[in-house]
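Throughout, read-outs are computed from the coordinates displayed, never taken from laboratory work. Source: prediction; values computed, not measured. As a convention, Cβ positions derive from the backbone with ideal geometry for all residues, glycine included, and neighbour counts pool all protein chains shown.
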Amino acid sequence: MRSWFFLLVMLATLPAAAAAAEPNFAINDPPKALPDVRFVDGKGHDRALADFKGKVVLLNVWATWCVPCRKEMPTLDRLQNTLGGADFQVVALSIDRTGLDVVRAFYDEIGIKHLAVYVDRSGRALRELGAAGLPTTLLIDRAGREIGRLVGPAEWDAPGMIAFIRRQIGQQ
């Protein structure tokens with residue numbers, strides 16, 4: 001009984017966003033400016049983060065050789081299927097140096113159906129975003145600013161995470 005009381009007191013003292021997010025999701029208050037990271041899409045066309053302004057974006061920086069990344073990709077695919085549309089998009093940005101073909105083969109191998117292919121062969125995105133490791137995921141507001149980030153894998157399609165992201169979409 002006492003441990004439940006302690007837990008309730010702890011949760012009540014957390015900011016609402018932190019209590020609703022995954023434990024490792026660090027929220028920026030206020031949101032922070034981001035560089036206009038550049039990459040290519042699945043057709044080889046140049047793209048940039050600025051192309052997604054107007055949407056809330058979950059930018060996941062990953063690689064096919066990263067074991068935790070490989071495990072979380074299906075959850076990102078299901079999140080895109082659940083919330084993706086005019087207001088929200090998952091941008092799974094691979095930093096594989098071998099390029100588009102390896103990412104396409106990986107998507108086929110594990111059955112990714114709802115995520116578009118995006119690749120930064122240079123790896124500059126990782127440095128420009130100040131990512132400490134893979135996977136690193138940033139939640140970006142409609143103005144292109146970082147709301148928060150999570151370093152490491154997550155269950156992106158978990159009910160609590162979906163509810164948190166829905167709240168972020170609604171607040172924008």
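A few comments on the model shown:
- Leu139 fulfils the conditions (1) in contact (Cβ under 8 Å) with a residue 12 or more places away in the chain; (2) of a type outside the set (Asp, Glu); (3) out of contact with any strand residue (DSSP E or B) (no Cβ under 6 Å at 6 or more places or on another chain) except for a single criterion, (3).
- Scanning region 148-172 for residues being among the small types (Gly, Ala, Ser) and in contact with a Leu (Cβ under 8 Å, 6 or more places away or on another chain) gives a total of 1.
- Subset of region 49-74 (residues that are closer than 20 Å to Asp87 by Cβ and touching a strand residue (DSSP E or B) at 6+ places or on another chain (Cβ under 8 Å)): Leu49, Phe52, Lys55, Val56, Val57, Leu58, Leu59, Asn60
- All strands (runs of 3 or more DSSP E) inside region 29-135 with 1 or more residues being surrounded by 18 or more Cβ atoms within 10 Å (Cβ to Cβ) and polar (S, T, N, Q): 56-62, 88-94
- Residues within region 142-172 that are in a helix (DSSP H, G or I), in contact with a strand residue (DSSP E or B) (Cβ under 8 Å, 6 or more places away or on another chain) and either crowded, with 20+ Cβ neighbours inside 10 Å or free of Cβ contacts under 8 Å to residues at least 12 places away in the same chain (or both), tallied: 2
- Top-ranked residue in region 47-69 [being touching a residue at least 24 places away in the same chain (Cβ under 8 Å) and of a type in the set (Gly, Ala, Ser); ranked as nearest to Ile110 (Cα to Cα)]: Ala63
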